[in-house]
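Asker: Let me give you the structure first, and then I'll get to my questions.
The values are calculated or read from the model by the stated rules, or taken from the named source; none is laboratory data. This one's a predicted model, so the numbers in the text were calculated from it and none came from an experiment. Here Cβ is always computed from backbone atoms with ideal geometry, including for glycine, and neighbour counts include all displayed protein chains. Note: areas computed on protein heavy atoms with side chains; ligands, DNA, RNA excluded. Shrake-Rupley method; radii C 1.70, N 1.55, O 1.52, S 1.80 Å.
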Amino acid sequence: MADITAPTLIPAARSNENRSTTPGSTGFKSFIASGWADRTDVLTDAREQAPFAAARRERLSAAYPGQRLIIPAGRLKQRSNDTDYAFRAHSAFAHLTGWGSDSEPGAVLVLEPAAAGGHDATLYFRERAGRDSDEFYANPDIGEFWIGPRPSVAQVASDLALHVRGIAELAGVLSTVDSETLVLREADPTFTDQVDEARLRFAAERVLGSNATDSPFSIEINAEHEPDAGLARDLSELRLVKDAFEIAQMRLAIAATARGFDDVIADLPRSRQHARGERLVEGVFNTRARTDGNTVGYDTIAASGPHACILHWTRNDGAVAPGDLMLIDAGVELDSYYTADITRTLPNNGVYTEVQRLVYETVREAADAAFAVVRPGAVFREVHAAAMAVIARRTAEWGMLPVTAEEALQPENGQHRRYMVHGTSHHLGIDVHDCAQARRDMYLDAVLEPGMVFTIEPGLYFQPDDLTVPAEFRGIGVRIEDDILVTEAGGENLSAAIPRTATEVEAWIAAAQR
């Protein structure tokens, strides 16, 4: 059983080269530890989202009276040898702390049951090392010489309006873990193993007393703690209805995404001239995401021609050929982690052909029908049903179905789904597919409430080798995706300012390329 008094939340430097080339002489160590100006912590007012994060923690606390809850941020993930992927804290951790793109790897939020009721929230993280520590210059994962300035405990506490302690004190939490303690398992598997072992130790000591370490209970444990799944579910459901801060962030993310689409439109002539023009489209949008936000919320889909029939085409190595359509599915993620998710399907040369326009406007008709359903009290799945009714009717009219539209819409049939196999909507927010672990009755079967944010994204995809469709339709893929807010009055299309109709899109491209 691992030593629970020594949590290993941030790995040591992996690179043999870094270890072998870092100076280690006594003279060097003495010299590098001296001669630095004093540092004074500048404490800021709490960030805008801090009171919202506190309210979210209170809601979670009310659902788990008397239980210790542990929500890790996660840790760096290795990309290759001594390089890591850019760190992104687990969404539930960010939601409950207000920490976003500046989150520290290895941080852990603990909600400790309070004697007076409720919970005391404490954030544990690895504070920066002093200049007299070799971590400062010899650890490329966390050393400030390598990655830049890192915050102090006092700075994080002030910024997040949270009680903050150094990571070394987390050992005290692990030593008091009991069978009722819950952890968000997926956030940090290594730390979860330590919690599992601590829970096993607690259970063994209750049965066998202080000699538990010599008992059969001391075997390695790999089984999941079943109640943890309930915590993951509740953390997901906590995000189903957005607060005022979240809705404001969604508006900002969508506005930045709109600017990214404008950039792509303006750069279309250059993209059309390159053998891998899809890569140029991706790069242009990603530039906007990095300048106006944190990054992209998901891998950009820039799918031209038949690639548009591949739902998650992210290779983006094809040409942007004149006469083809290009499906662009992209979203800017802000520093708060809130992301947009928008799709538009553009004619590469600026004008839709007659068949392309027919398919495009049919998809828009389906989207508009779905949007018409949105209101408080409607059921989430009704949004999808409204879009599917249009798709079934139009594909039947075009002679593509072996049955009538009415027959296709029967639960045991669904022939029209050949041309749109995905769902029409998913919740959106701090994750692009937000609230994904929510229960069915809280998601697909849920009654819509003001504050819910989700996509409406019907599509039609006629594969290039699909013999059930006329030849002129083959290779055409169209999706239109907008981000929708449920309001007291009905629904608001947050991305309606991005041109949607075929005529508007053509005018958009023409104006950008004058």
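Asker: Give Val332, Val359, Val363 a once-over and let me know the one that is under 21 Å from Arg259 (Cα atoms) and either basic (Lys, Arg) or open to solvent by less than 10 Å² (accessible area, probe 1.4 Å) (or both).
Answerer: So the residue among Val332, Val359, Val363 that is under 21 Å from Arg259 (Cα atoms) and either basic (Lys, Arg) or open to solvent by less than 10 Å² (accessible area, probe 1.4 Å) (or both) is Val332.
Asker: Let me ask another. Could you tell me whether Val296 is open to solvent by less than 50 Å² (accessible area, probe 1.4 Å) and either under 26 Å from Ala507 (Cα atoms) or at pLDDT below 95 (or both)?
Answerer: Answer is no for this residue.
Asker: Can you tell me which residue within segment 63-91, out of those that are farther than 19 Å from Asp193 by Cβ and of a type in the set (Gly, Ala, Ser), is surrounded by the fewest Cβ atoms within 10 Å (Cβ to Cβ)?
Answerer: Only one residue tops the list, namely Ser80.
Asker: On to the next question. Quick one: which residue in Thr44, Thr40 is without any contact (Cβ under 8 Å) to a residue 60 or more places away in the chain and either exposed (fewer than 11 other Cβ atoms within 10 Å of the Cβ) or on the phi < 0 side of the Ramachandran plot (or both)?
Answerer: Thr40
Asker: Pull out all pairs, ordered by first then second residue, where Cβ-Cβ is under 8 Å, the residues are six or more apart or on different chains, the first lies in segment 291-304 and is over 13 Å from Ala86 (Cα atoms), and the second is open to solvent by 40 Å² or more (accessible area, probe 1.4 Å) and of a type in the set (Ser, Thr, Tyr).
Answerer: Going by the 8 Å Cβ cut-off, the qualifying pairs are Asp299/Thr314; Thr300/Thr314; Ile301/Thr314.
Asker: Based on what the data block shows, is Leu111 touching a His at 6+ places or on another chain (Cβ under 6 Å) and without any contact (Cβ under 8 Å) to a residue 60 or more places away in the chain?
Answerer: Yes; evaluated as a whole, the condition is true for this residue.
Asker: Looking for something open to solvent by less than 30 Å² (accessible area, probe 1.4 Å), of a type outside the set (A, V, I, L, M), in contact with a Pro (Cβ under 7 Å, 6 or more places away or on another chain) and modelled with pLDDT of 95 or more - is there at least one such residue anywhere in segment 367-388?
Answerer: Within segment 367-388, not a single residue is open to solvent by less than 30 Å² (accessible area, probe 1.4 Å), of a type outside the set (A, V, I, L, M), in contact with a Pro (Cβ under 7 Å, 6 or more places away or on another chain) and modelled with pLDDT of 95 or more.
Asker: Moving on to the next point. Restricting attention to segment 259-270, which residues are surrounded by fewer than 18 Cβ atoms within 10 Å (Cβ to Cβ), closer than 15 Å to Arg288 by Cβ and not acidic (Asp, Glu)?
Answerer: Listed by number, the residues that qualify are Arg259, Ala266.
Asker: Please determine, by comparing only the residues of segment 389-412 that are open to solvent by less than 70 Å² (accessible area, probe 1.4 Å) and assigned to a loop (DSSP other than H, G, I, E, B), which one is farthest from Thr362 (Cα to Cα).
Answerer: Result: Val403.
Asker: Would you mind stating whether Arg288 is free of Cβ contacts under 8 Å to residues at least 60 places away in the same chain, in contact with a Lys or Arg (Cβ under 9 Å, 6 or more places away or on another chain), among the basic types (Lys, Arg) and more than 24 Å from Asp465 (Cβ to Cβ)?
Answerer: For Arg288, the condition - free of Cβ contacts under 8 Å to residues at least 60 places away in the same chain, in contact with a Lys or Arg (Cβ under 9 Å, 6 or more places away or on another chain), among the basic types (Lys, Arg) and more than 24 Å from Asp465 (Cβ to Cβ) - is met.
To keep it simple, each residue is scored yes or no on (1) touching a His at 6+ places or on another chain (Cβ under 6 Å); (2) over 25 Å from Ser425 (Cβ atoms); (3) assigned to a loop (DSSP other than H, G, I, E, B).
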position	(1), (2), (3)
Val281	no, yes, no
Phe285	no, no, no
Ala289	no, no, no
Asp299	no, no, yes
Ala321	no, yes, yes
Ile328	no, no, no
Arg344	no, no, no
Gly350	no, yes, yes
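Asker: Another one. Filter the helices (runs of 4 or more DSSP H) completely within segment 50-141 down to those with at least 1 residues that are modelled with pLDDT of 95 or more.
Answerer: 50-63, 91-97
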